[in-house]
Amino acid sequence: SQKIEQNSEALNIQEGKTATLTCNYTNYSPAYLQWYRQDPGRGPVFLLLIRENEKEKRKERLKVTFDTTLKQSLFHITASQPADSATYLCALDRYPGGSYIPTFGRGTSLIVHP
Amino acid sequence: GAVVSQHPSRVICKSGTSVKIECRSLDFQATTMFWYRQFPKKSLMLMATSNEGSKATYEQGVEKDKFLINHASLTLSTLTVTSAHPEDSSFYICSARVEGSSYEQYFGPGTRLTVT
């Protein structure tokens, strides 16, 4: 069966360090992968999308890598700040019968300590 | 940017009653919207795909007669929880995709439903 795995344990880091979150998947052949941020009691917010032919994508302090051989994406936040504390979700699309159906991992909680 | 609103943000209802949640795309048209529910510290669980002008596509295990979805226009989808029970208490979130663009989703702020 198709699975998306994210580390369920919270990641605690000190302000200024780089946070690295992992998303592994099985039984998918995604054309792209997405990362979202979710704050408690709120809907997720789109951050980045990376396509299968892209190894790396950057947006300000965010960087995403996508290794389709390892079936893994890494999400980095450089110079982390306490305001970056949130849950980060990775998402892939299934493609049954002509429609793209989104599927999310459980998310990893990031806590940045001042 | 693309904005999605949801109403109400919180609702408390009694067992056996029905609750309607609205999801609107404010500055774009959405042929497809998605409805999710989320339990505390759990992942988003896709309930159904809402298609404008046609029947919703429900995920396996989701009761279509209990969770009625209507997508009457390109900017509005509604989810009605019928004959609500305490186990229906959850966080319900909708999302929409901007047609013709990339595949990112824009989420509403969510609706916290509590059934007493």
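Projected label points at residue A:42 and residue B:64, each 7 Å from Cα along the beta carbon direction, are separated by 3.6 nanometres.
Where the centre of each part is set by its Cα atoms, how far does region A:58-95 sit from region B:76-116, in angstrom? If we compute the Cα centre of each part, the gap is 24 Å. Zone of residue A:111 (label point 7 Å along Cα→Cβ, backbone N under 16 Å): which residues in region B:18-53? Under 16 Å, as judged by backbone N against the label point of residue A:111, lie B:41 of region B:18-53. Using every pair of distinct Cα positions in region B:1-91, the Kirkwood expression returns a hydrodynamic radius of 13.7 angstrom.
Ranking A:90, B:83, A:73 by how far each Cα lies toward the positive end of the dipole of the protein assembly as shown (charges on Cβ) leaves B:83 at the top.
Could you tell me the calculated FRET efficiency between residue A:15 and residue B:41, based on Cβ-Cβ distance and R0 = 30 angstrom, to the nearest 0.05?
0.80
Straight-line cross-link reach from residue A:71 at under 18 Å between alpha-carbon atoms covers these lysines, not counting any fewer than eight positions away in the same chain: A:3, A:55, A:57, A:63.
For the protein assembly as shown, a Kirkwood radius taken over Cα pairs fed into Stokes-Einstein (10 °C, viscosity 1.306 mPa s) yields D = 87 µm²/s. Orientation-averaged projection of chain A equals 7.3 nm² [convex hull of Cα atoms, one quarter of hull surface area]. Annotated for chain B: lysine pairs at least 8 residues apart or interchain, Cα distance under 23 Å, count 9. For region A:21-85, the Kirkwood radius over C-alpha pairs fed into Stokes-Einstein at 4 °C and 1.567 mPa s yields D = 102 µm² per second.
Any read-out appearing in this document is the output of simple, stated calculations on the displayed coordinates, not a laboratory observation. Quick caveat: nothing in here was measured; it's all calculated off a predicted structure. Because the Cβ atoms are built from the backbone with ideal geometry, glycine has one as well, and the counts that use them run over all protein chains shown.
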